[in-house]
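Asker: The structure follows.
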Amino acid sequence: MILNRHVFETFLNSKVDPDYDKFSDKLIKLCEELPSKESGVNYSNAGGWQSEPFNWDHPKYLGPEMFSYVQNSIIECVRDLPVKQNVGALFKNFWINVNPPGTYNTTHIHPGAQLSGIFYVKVPDNSGNLVFENTLEQHNPLSQFLYGVPTETASVTPTAGQTIIFNSHLPHSVELNMSNENRISIAFNILLSVNSNEVT
């Protein structure tokens, strides 16, 4: 018998909303007004602005209409996750990131969740890639031949309207915004549960 099995691997799940252009202007305007109205918090942002975390049932920053759109876009990506069919997903929290030119996000993880993700609201050219770090103690040179990615890091160039979901414990950062505009995203954490097919 031949056994072909991958071990100690993870995944990135990504999907772009084809209807994003219908909502982008209003969503960008709402997010870009926030730093002048709210003090924000300082977690991974280096020079940028982050909102306090908020729950799915209390969308204090975006309002019901825009938050419902964002949540539904994310859910479409969640439904395509490579998990067992009887696993349900519960949104733990969300927060908004506004990164002006010259700012970035330092390397971090998201404790207390199984999955995390980012919905991209505004992504100017040269505004910084999302970079994931290899967590294995010894970087495996074979991975480049198996998966076509570097062994130390994996970099993603996002687009507006895109959702990216990943392992919460995978170290990641966002590069320096070298554009002349804000980079804006909405980050979130997800809790998984067994014996459920619901996404809430």
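The values are calculated or read from the model by the stated rules, or taken from the named source; none is laboratory data. Computed from a predicted structure; not experimentally measured. Neighbour counts are summed over all protein chains in view; Cβ atoms, including those assigned to glycine, are modelled from backbone coordinates with ideal geometry.
Asker: Hey, Val70 hits all of (1) hydrophobic (A, V, I, L, M, F, W, C); (2) under 30 Å from Asn134 (Cα atoms); (3) in a loop (DSSP other than H, G, I, E, B) but one; which does it fall short on?
Answerer: It fails just one condition, (3).
Asker: Scan (1) assigned to a loop (DSSP other than H, G, I, E, B); (2) among the acidic types (Asp, Glu); (3) touching a residue at least 24 places away in the same chain (Cβ under 8 Å) for the single condition Glu38 breaks and write down its number.
Answerer: Among (1) assigned to a loop (DSSP other than H, G, I, E, B); (2) among the acidic types (Asp, Glu); (3) touching a residue at least 24 places away in the same chain (Cβ under 8 Å), the lone unmet condition for Glu38 is (3).
Asker: Continuing with this model, one more query. Which of the following residues is acidic (Asp, Glu), out of contact with any Cys (no Cβ under 6 Å at 6 or more places or on another chain) and either closer than 15 Å to Asn182 by Cα or modelled with pLDDT of 90 or more (or both): Glu52, Glu76?
Answerer: Selected residue: Glu52, the only one of Glu52, Glu76 that is acidic (Asp, Glu), out of contact with any Cys (no Cβ under 6 Å at 6 or more places or on another chain) and either closer than 15 Å to Asn182 by Cα or modelled with pLDDT of 90 or more (or both).
Results for (1) more than 17 Å from the chain's Cα centre (by Cα); (2) assigned to a helix (DSSP H, G or I); (3) of a type in the set (Val, Ile, Thr), shown as yes or no for each residue.
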| site | (1), (2), (3) |
| --- | --- |
| Leu34 | yes, yes, no |
| Glu65 | yes, yes, no |
| Pro82 | no, no, no |
| Gly102 | yes, no, no |
| Gly117 | no, no, no |
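Asker: The conditions are (1) surrounded by fewer than 18 Cβ atoms within 10 Å (Cβ to Cβ); (2) at pLDDT 95 or above; (3) closer than 20 Å to Asn189 by Cα, and Gly102 fails exactly one of them. Which is it?
Answerer: For Gly102, the failing item is (3).
Each row is one residue, and each column tells you yes or no for (1) closer than 23 Å to Glu9 by Cβ; (2) touching a helix residue (DSSP H, G or I) at 6+ places or on another chain (Cβ under 7 Å); (3) assigned to a strand (DSSP E or B).
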position	(1), (2), (3)
Ser155	yes, no, yes
Ala160	no, yes, no
Thr163	yes, yes, yes
Phe166	yes, no, yes
Ser173	yes, no, yes
Asn177	no, no, no
Glu181	no, no, no
Ala187	no, no, yes
Leu191	yes, no, yes
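Asker: Find all pairs meeting these conditions: Cβ atoms under 9 angstrom apart; at least six residues apart or on different chains; first residue within segment 153-181 and on the phi > 0 side of the Ramachandran plot and touching a residue at least 12 places away in the same chain (Cβ under 8 Å); second residue assigned to a strand (DSSP E or B) and of a type in the set (Val, Ile, Thr).
Answerer: That search, which allows pairs on different chains as well, returns Gly161/Val16; Gly161/Val121.
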